[in-house]
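The values are calculated or read from the model by the stated rules, or taken from the named source; none is laboratory data. What you are looking at is a predicted structure, and each value in this text was computed from that prediction instead of being measured. Virtual Cβ from ideal backbone geometry, glycine too; neighbours counted across all protein chains shown.
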Amino acid sequence: MTDTPVLDVRDLRIAFGAGRKAREVVHGVSFTVQRGEVVAIVGESGSGKSVTALSLMGLLPRGHGAVTGGSAHFEETDLITLAPEPLRRIRGARIGMVFQEPMTSLNPVLTIGRQMTEGMMAHGRVSERQAREAAIAMLERVGIDDGRRRLGQYPHEFSGGMRQRVMIAMAMMMKPALLIADEPTTALDVTIQAQILDLMRTLIAETGTSLILITHDMGVVAETADRVVVMHDGRVVEEADAKTLFAMPGQAYTRALLAAVPRLDGAVAGAVARPAGREPVVRIDSVSKTFGGRTGTRALDGVSLDVMAGEVVALVGESGSGKSTLGRAVARLLDVDDGAILVDGHNMAEMRGATLRRARARVQMIFQDPYASLDPRFSIGRTVAEPILIHGGGGRREASERAAALLQRVGLDRPMARRFPHEFSGGQRQRVAIARALAAGPKIIVADEPTSALDVTIQAQVLDLLAELRDEQGIALLFISHDLAVVRQISSRVAVMRSGRLLETGPTEAVLGSPRHAYTRALLSAAPVPDPAKRGRVRVTVAAGSYPDGPLVEAAPGHWVAS
């Protein structure tokens, strides 16, 4: 790295609104990025991380956000004062950006090939044929085989991890001097996340590209960053190299941020007693599901699992392992081909009509994105009251009163019942989703990645709330997550899935502390560790078909492993 930074941001100020209603949201932010350096910008939601990055690219919402002061010199050019046309020539060509959700960044009606080549062609660098050849080479470089065929496919034909690889390939094809990655691995499972982080490090080392990594995942920061900039309420509160920041954080806010990070070597949830002869709340018995007909994709293959009252059973595994399919089957959001799903002794898989509707009150779901699952036209009071009315919990006045009490139970004030989803933060919306799930009086809640999009402090609050509800009301939880540190913190048992089959299940301490299956060991080796001193550790890889996936056998009391 040279002494001359590729990016030098000084006293950056950003405001939303106009005139008297203008509100400053970024207050005098300054930082530098050296050539070939990885700088992580971290902080809670609303700290100003993403707004700062968008301002550098000239992508603030038109008419709503504006830079009101400061400078951002990129290769001696001030991006803040640059006219739109010169900035367009720099954007994409010299500064690339990878966004959090590739499905919203990729055009669903254009082929991958069209989207990958248009940047190079727009900047007048190559012909269409040369751009396609470069795209094929870059796809294969980021681990997507058969690149020539893939160029003709559309975004929906790719998995989440593959779409993110496409976004990285599109950005790196231009060989930018600076790449800005805004939460590039948030929604990915640990093995895909590890592959993408390795890929980004390799490409940066090869090309000398600098990277600004915006994330709330401190494990990813520890694995990747050279230097860390900590933001809070639109200000930089601390800046240090990664090793110093994790070992000796100087500010109380940074210490609180690091303290909220769940760890694989942290405390484990206590096991729930499983008395002999006591029936589980949910019994999943040899459940199978195939999408696309009997000869299509086998999503579940003879899965059996049970969950006791007051127990948290975590489902872990890669994308496509069958975790969410199993959760949706338990909630009867999809039909299964074979097997039984018994909730309080009643087979949900066989129910129809009014009987099914009544039974569904026993099983509720919390989804990953609460904003997508809340009706934007309904106040949250009405949203929480609706299940009470549907399942015969009294009249509207009584339902409204119970809804307000539930909101208060999850840490929201009663007057908030009159507000709408867009008026809440992500963490508050997830609390609303939890209140709605509780409204029907369920025996079990299926929580599908309920904290993956939340920053670490809000995530900790939501996990504490779920643990309180488990202890106070004896509600069972089927907790689906790709974050193994979160799983260790909240679950009493873990079930590891791959390709629709259970490979290992048992007490959390046994499965995550002393894994018996090769695939479980591979998952654990891929999980990011919030300690820069452990960067570069050897990762275990297990190819599909190279591990046992037969019937489960008891390797230790309560600890079952595929044979």
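For the reader, a short list of remarks on this structure follows.
- For the range 363-402, a residue qualifies if it is free of Cβ contacts under 8 Å to residues at least 40 places away in the same chain and closer than 10 Å to Val432 by Cα, and exactly one does: Gly381.
- Listed by position, the strands (runs of 3 or more DSSP E) inside the range 461-519 whose residues that are touching a helix residue (DSSP H, G or I) at 6+ places or on another chain (Cβ under 8 Å), on the phi < 0 side of the Ramachandran plot and of a type in the set (Asp, Glu) number at least 1 are 501-507.
Results for (1) buried (at least 18 other Cβ atoms within 10 Å of the Cβ); (2) not assigned by TED's automatic domain parsing to the domain that holds Gly160; (3) not hydroxyl-bearing (Ser, Thr, Tyr), shown as yes or no for each residue.
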site: Ile14; (1), (2), (3): yes, no, yes
site: Gly17; (1), (2), (3): no, no, yes
site: Val26; (1), (2), (3): yes, no, yes
site: Ser45; (1), (2), (3): no, no, no
site: Gly69; (1), (2), (3): no, no, yes
site: Glu76; (1), (2), (3): no, no, yes
site: Ala83; (1), (2), (3): no, no, yes
site: Gln100; (1), (2), (3): yes, no, yes
site: Thr104; (1), (2), (3): no, no, no
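- Matching residues in the range 113-130 - criterion: being crowded, with 19+ Cβ neighbours inside 10 Å and over 21 Å from Ile180 (Cα atoms): Gly113
- For the range 318-329, the count of residues that are at pLDDT below 90 and in contact with a Lys or Arg (Cβ under 6 Å, 6 or more places away or on another chain) is at least one.
- In the range 533-563, the residue that is surrounded by the fewest Cβ atoms within 10 Å (Cβ to Cβ) out of those that are charged (D, E, K, R) and in contact with a helix residue (DSSP H, G or I) (Cβ under 8 Å, 6 or more places away or on another chain) is Arg537.
- Within the range 193-236, the set of residues being basic (Lys, Arg) and farther than 21 Å from Ala260 by Cβ comprises Arg201, Arg227.
- Pairs with Cβ under 6 Å, 6+ apart, first in the range 418-433 and over 11 Å from Ile380 (Cα atoms), second of a type in the set (A, V, I, L, M, F, W, C) and part of a helix (DSSP H, G or I): Gly427/Ile458; Gln430/Val462
- Wholly enclosed helices (runs of 4 or more DSSP H) of the range 298-397 bearing at least 3 residues under 19 Å from the mean Cα position of the chain (by Cα) and within 30 Å of Leu523 (Cα to Cα): 323-330, 370-373
- If you go through the range 475-532 and keep only what is of a type in the set (Asp, Glu), surrounded by 21 or more Cβ atoms within 10 Å (Cβ to Cβ) and over 24 Å from Phe246 (Cα atoms), you end up with just Glu504.
- Within the range 168-265, strands (runs of 3 or more DSSP E) holding 1 or more residues that are under 29 Å from Ala131 (Cα atoms): 178-182, 210-214
- Unmet requirement for Arg274, which otherwise passes all of (1) more than 30 Å from Ala543 (Cα to Cα); (2) at pLDDT 85 or above: (2)
- Matching entry among Leu188, Leu151, Leu139, Leu179 (being surrounded by fewer than 21 Cβ atoms within 10 Å (Cβ to Cβ), out of contact with any Cys (no Cβ under 7 Å at 6 or more places or on another chain) and not assigned by TED's automatic domain parsing to the domain that holds Leu315): Leu151
- When Pro387, Pro376 are checked against the criterion of being exposed (fewer than 15 other Cβ atoms within 10 Å of the Cβ) and touching a helix residue (DSSP H, G or I) at 6+ places or on another chain (Cβ under 7 Å), Pro376 stands alone in meeting it.
- Among the residues making up the range 294-337, those that are touching a Gly at 6+ places or on another chain (Cβ under 8 Å) and among the charged types (D, E, K, R) are Arg298, Asp301, Lys323.
- Ser71, sole failed condition from (1) outside any strand (DSSP E or B); (2) over 23 Å from Asp241 (Cα atoms): (1)
- The set of residues in the range 243-258 being farther than 22 Å from Val190 by Cβ and either in contact with a Gly (Cβ under 9 Å, 6 or more places away or on another chain) or not hydroxyl-bearing (Ser, Thr, Tyr) (or both) consists of Lys243, Thr244, Leu245, Ala247, Met248, Pro249, Gly250, Gln251, Ala252, Tyr253, Arg255, Ala256.
- The numbered conditions (1) farther than 19 Å from Glu37 by Cα; (2) modelled with pLDDT under 90 are all true for Tyr154 except (2).
- Residue match in the range 536-559 (condition: among the small types (Gly, Ala, Ser), assigned to a helix (DSSP H, G or I) and either in the same structural domain as Ser319 (by TED's automatic domain parsing) or over 24 Å from Met218 (Cβ atoms) (or both)): no
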